[in-house]
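Heads up: the structure comes next, in structure tokens.
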Amino acid sequence: MIEVRPSQQMRDLGVVQQGAAILAEPVRPFDLPAERDEAERIVDELFAAMERIGQAHPFAKGMGLAAPQIGIGRAAAIVQPPGDAAAIILLNPKITTRSDKMDEQYEGCLSFFDVRGLVPRPLKITVETTTLTGETVTTVFERGLARLIHHEIDHLDGFLYTAHMRTGVEPIPLEEYRQTGRAWVYDGA
């Protein structure tokens, strides 16, 4: 039996991999409600991709996916919180405030799923998003959900989690991460 590396599995499921230019570029925001049909189409594509990915890999602590990860340079992402909570749709998200309190947890990314990295993030963030009807909504996210949301917004801004890692700290191979006992994975984050 041939073992398929996790990042190859994600590539096979249609996830753009690290090194692709689209992952390093800020996305284009939607003009809502004028681009409502386009936003809905992209959100549908994100949900379809998350369904495929979720069937191939369990995400006990939540999962997110940003449009650039499926090759679309638009400001859309979806976060599926852990448990049975409804998915959070992020259109044109912007972090407006961050708490000074931080914690550092391991994150993973569907775009380079063979490693995990220790990433410091604020424990609380305030995020503005746009609804399909063009209204601005402000939401506060805390702890693990703040981490998931922040990770996906980073993708829309053209950053991977490695940009936030402390100097001198490098991602570790998945096999080594599993031995840490500190399971926290998103977006495959």
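Looking at this structure, is Thr133 surrounded by fewer than 15 Cβ atoms within 10 Å (Cβ to Cβ), part of a loop (DSSP other than H, G, I, E, B) and modelled with pLDDT of 95 or more? Spell out the reasoning first.
Numbers: surrounded by fewer than 15 Cβ atoms within 10 Å (Cβ to Cβ): yes; part of a loop (DSSP other than H, G, I, E, B): yes; modelled with pLDDT of 95 or more: yes.
Yes, satisfied.
Of all residues in segment 1-46, count the ones that are open to solvent by 80 Å² or more (accessible area, probe 1.4 Å) and assigned to a helix (DSSP H, G or I).
Qualifying residue count for the region: 6.
Quick check: is even one residue across segment 152-164 within 21 Å of Ile53 (Cβ to Cβ), touching a Lys or Arg at 6+ places or on another chain (Cβ under 7 Å), part of a helix (DSSP H, G or I) and touching a residue at least 60 places away in the same chain (Cβ under 8 Å)?
No, segment 152-164 has no match at all.
Kindly evaluate Ala60 against the criterion of being among the small types (Gly, Ala, Ser), exposed (fewer than 14 other Cβ atoms within 10 Å of the Cβ) and touching a residue at least 40 places away in the same chain (Cβ under 8 Å).
Numbers: among the small types (Gly, Ala, Ser): yes; exposed (fewer than 14 other Cβ atoms within 10 Å of the Cβ): yes; touching a residue at least 40 places away in the same chain (Cβ under 8 Å): yes.
Yes.
Among strands (runs of 3 or more DSSP E) lying entirely in segment 65-128, which contain 3 or more residues that are farther than 17 Å from Gly14 by Cβ?
Details: elements: 76-80, 88-91, 94-98, 102-107, 115-122.
The qualifying strands (runs of 3 or more DSSP E) are 88-91, 94-98, 102-107, 115-122.
The values are calculated or read from the model by the stated rules, or taken from the named source; none is laboratory data. Since the structure is predicted, the reported quantities are computational estimates derived from the model, not experimental observations. All Cβ positions, glycine included, derive from the backbone under ideal geometry; neighbour counts span all protein chains shown. Quick note on the areas: whole protein, heavy atoms, side chains included, nothing else; ligands and nucleic acids left out. Shrake-Rupley method; radii C 1.70, N 1.55, O 1.52, S 1.80 Å.
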